[in-house]
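Read the structure below first, then the notes.
Where a number appears in this text, it was derived from the coordinates with a stated rule and is not lab data. Owing to the predicted nature of the structure, the values given are computational and were not obtained by experimental measurement. No Cβ is skipped: glycine too gets one built from the backbone with ideal geometry, and neighbour counts run over all protein chains shown.
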């Protein structure tokens, strides 16, 4: 009987379920949109019951559209966005909406912790900055404003841990994901009572779940889930991975020679090493799925979600993609950007619609907009601005270590040939793209394969399942042009910072 691995990726806006064979071929993919609830300014929430129902539809729809039977799925793993908060009460009762990592309600707590010395006290243990969408400050917000919910909470979970609980009926956390929450001693991979006390969160200690390694078996598919999805009851469910770790391993990052860039909802830029950097300006250092390695990440919500905003507000409602040559709206955008000479326009877009990497409170802007500019110049500025934001993060990574000559790119930008070329030209590096359209789900599937023994290590899983489909090299003339335009971008960011400061918005990291 054939054997397949199921990876489920719970992202910021879409759930993706994908089946892979043991050679890494993507046999079938099914997606489900999930709603974002913005009940107040700065809030980003999700109905947890609806999220679970969407996961059931994603899995059942996947099996229905493929020729693969539930009994042929040898293992399952889930990945999902990190941070945020998915609290459960007694017997797994849902207490409130989940809080997403793009939520900004805890900015007050973050500001206080930077000002009162808390950040300096905790950094030696967390090895990461503090930011509003992180689990620790969100818990502090609940302590301050919704203590009733915090009192009733029995399990503090993250996104993929909640879905795994619903698949198996067993509560557990997982080390790579929890190591980004601000609640873990990243050096030794354990909870730390003194760390929690520094935050004023000593009361949550008994609410933190048991921690599993990424590859450990966490439970089995329950009979109820099997009936709802078509999966076979008793199918092993592996602990899984934080989505940034899933994307990294799916891009073949098994040693220090590769840099992984994910251009999706967030700008993710990361590498692994066998010791965490000690610089307290680092955004995140987390535990990696390979024993003895840490992942260092610079990132912010400044990537392809900015393009999605423009498409949703200004293209889909007008049907522009359908009016101009057919294909998808993304094909339409790519054609427009391909038609623009990068020297012809100095329009700059600062992609801070959902947050920034230049101080909390710095917002998005178009600068240099003129009357002759058309849709194509605006779209080109968005593509370029997102690539420039990634470059800002990568330059910071370069202060910790020498960068490799090649980048592995995934996320929405990796599906656009012109955008890949822009990344290569902006970074001045060759850009490689792997063979899977669903990198997060592939990383989860790799993890599932290791967990049930199809592979003896993540390295052997990568050797078998990950293949590079395309390499795009920088064009020297364009590299020079984008070097100059990056200077314009940096000046625009500075102007946005000045504007935010004039409005008396506190500028603190992230």
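How high is the FRET efficiency between residue 314 and residue 39 when r is their beta carbon distance and R₀ equals 35 Å, given to the nearest 0.05?
In this case the efficiency is close to 0.90.
Starting with the highest mean, order 130-137, 112-119 by the number of other Cβ atoms within 10 Å, averaged over the residues of each peptide.
130-137, 112-119
Computed from the mean reciprocal separation of all distinct C-alpha pairs, what Kirkwood hydrodynamic radius does region 233-306 have, in Å?
On the way: mean 1/r = 0.0756 Å⁻¹.
Evaluated over region 233-306, this radius sits at 13.2 Å.
Among [x] 21.9, 66; [y] 36.2, 128; [z] 26.6, 83, which is the computed Rg and Dmax of the Cα atoms in Å?
Comparing each candidate, only [x] matches the computed number.
Going highest first, how would you order 177-187, 288-298 by mean Cβ packing within 10 Å?
Details: 177-187: 25.4, 288-298: 21.5.
Put in order of decreasing packing, that is 177-187, 288-298.
Work out how much length residue 3 to residue 224 would gain on full extension: take 0.36 nm times their residue separation and subtract the Cα-Cα distance, in nm to one decimal. Each step should come with its number before you reach the end.
Details: separation 221, 0.36 × 221 = 79.56 nm, distance 2.26 nm.
Length gained between residue 3 and residue 224: 77.3 nm.
Using a simple spin-label model with points 7 Å from Cα along the Cα→Cβ vector, what separation in nm is obtained for residue 343 and residue 477?
Each label point is offset 7 Å from its Cα along the Cβ direction, giving 0.7 nm.
What value, in deg cm²/dmol to 500, does the helix sum -39500 (n - 2.57) over DSSP H runs of n ≥ 4 give at 222 nm once divided by the residues of the chain?
Values: 18 runs with 191 residues, N = 510.
After summing the helix terms and dividing by the residues of the chain, the value is -11000 deg cm²/dmol.
Could you give the distance between the Cα centres of region 427-474 and region 1-23, to the whole Å?
If you average the Cα positions of each part, the centres end up 13 Å apart.
Starting from the alpha-carbon convex hull of region 4-250, give the projected area averaged over all orientations, in nm².
Its Cα hull, projected and averaged over all orientations, spans 12.5 nm².
Please give the length that would be gained between residue 72 and residue 464 if that part of the chain were fully extended, namely 0.36 nm times their separation in residues minus their C-alpha to C-alpha distance (nm, one decimal).
139.2 nm
Applying 1/(1 + (r/R0)^6) with R0 = 25 Å to the Cβ-Cβ distance of residue 145 and residue 395, what FRET efficiency is obtained, to the nearest 0.05?
0.10
For region 25-79 and region 381-419, write down the distance between their C-alpha centroids in whole Å.
28
Where the eigenvalues come from the Cα gyration tensor of region 389-446, what are the semi-axes √(5λ) of the equivalent ellipsoid, largest first, in whole Å?
Listed largest to smallest, the semi-axes of region 389-446 are 21, 15, 10 Å.
When you count, for each residue, the other Cβ atoms within 10 Å and take the mean per peptide, how do 492-500, 65-73 rank with the highest first?
492-500, 65-73
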